[in-house]
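The values are calculated or read from the model by the stated rules, or taken from the named source; none is laboratory data. Since the model is a prediction, treat every value here as computed from it, not as a measurement. Virtual Cβ from ideal backbone geometry, glycine too; neighbours counted across all protein chains shown. Heavy atoms of the whole protein, side chains included, go into the accessibility calculation; ligands, DNA and RNA do not. Shrake-Rupley method; radii C 1.70, N 1.55, O 1.52, S 1.80 Å.
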Amino acid sequence: MKNEFNPAAVIETLQNILPRERDVIALHEPYFNGSEYSYIKECLDSGWVSSSGRYVDRLEKQLEEYTGASYALAVVNGTAALHICLLLAGVSANDEVLIPALTFVATANAVSYCGAIPHFIDSEERTLGANPYKLDKYLHEIAELKSGACINRKTGRPIKALVPMHTFGHPVDMDPLVDLCRTFNLELIEDAAESLGSYYKEQHTGCIGKAAILSFNGNKIVTTGGGGAILTNDRSLFGLAQHLAAQAKLPHAWSFHHDMVGYNYRMPNINAALGCAQLEQLPDFIKKKRSLALRYQEALAGIDGIKVFQEADFARSNYWLNVLILDEEHACHRDRLLESTNKNGIMTRPAWTLMNKLPMFQSCPHMDLSGAESLERRIINLPSSVFL
Ligand SMILES: *Cc1c(COP(=O)(O)O)cnc(C)c1O
């Protein structure tokens, strides 16, 4: 027998599982319990604080080993990493790029940095990410291949790439998306900003597409203060990414020569030092996050009309941010729940406003977004710090 839904019961249950000694329980706080101080001190002592140094190399090696990607490039943040990945995919002005409407704004912004146009796609309840079957049907309706290029028949513009995003750490169903990209000749770039430590079938997220990005922002599962990385298995793409992120400077002992418009996107050594120390703790962080997720799932299972998101059977998730999902009939209580949890020191957040509703993206093309709209109405993110 389940208890009937009421907001007070949800709040009481949350209070019971979360620690009482804190006044405010943040949504996601960083956790420094390893070699952070000593690695950063070493940077300061040696003077190697800027955009080269041994911690940058070491972080890249650690990322390659952990994820299984052939190459990792550390950069200033995840948004910059996305910008470079889109350039690697050949995205240029007037191209369209398929991205979920339910994502963090960085995904859409990076498309705009290339002069390209985001084209918003729907998400599914099973993964909180791109709905591959609905997208397949949609592309068969609106797209055609013209001498190998996928063209949007409605706008006349090329559709260059697809950027699925592993929402709150939960892997998207990649296999049908890989097929779809093959059928429509689209480049596949993964926004794995939130999914370091998450696996789709046996593969680490971010190792399936042509290239992928990770974020080490302060709220992500591991942090470098600010930072990100590009993953790829393609040696020549990796070389191009390195070149673009370092002002496109040609190697030379003393002369400054640059052969294209580049960017100052390299990660400083001092940030990489923090990252090395954090990555050493990642397996432990994931264990703790998975156990917190289980605690939420069990505690809230007794209340009717809500569920705590659980990974799909093909996924092993890092559970970066826990997600409470209200049934459609209780969606009207979302704001009241947000209001009273936050007032009681339990930081909760709604999902992002859908990209197609933001003023700068309102006129961008989109498919039917009923899945994403429903999720937006019903999602509440729960506190998910490692130490909880
Ligand atoms: C955090 C995040 C990014 C951007 O990363 P930054 O390091 O903050 O620039 C991109 N996409 C998604 C989905 C994110 O959550």
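Here are a few things to note about the model shown:
- Scanning the range 326-360 for residues that are closer than 30 Å to Ile159 by Cα and in contact with a strand residue (DSSP E or B) (Cβ under 6 Å, 6 or more places away or on another chain) yields Ala351, Met355, Asn356.
- Among the candidates Gln203, Gln242, Gln247, the residue that is under 16 Å from Glu190 (Cβ atoms) and open to solvent by 70 Å² or more (accessible area, probe 1.4 Å) is uniquely Gln203.
- Residue pairs whose Cβ atoms lie under 6 Å apart, sitting 6 or more positions apart in sequence or on different chains, and linking a residue in the range 1-27 that is under 14 Å from Thr348 (Cα atoms) and of a type in the set (A, V, I, L, M, F, W, C) to a partner that is open to solvent by 70 Å² or more (accessible area, probe 1.4 Å) and modelled with pLDDT of 90 or more, are Leu27/Arg349.
- Scanning the range 206-231 for residues that are among the β-branched types (Val, Ile, Thr) and closer than 20 Å to Val172 by Cα returns Ile208, Ile213, Ile221, Ile230.
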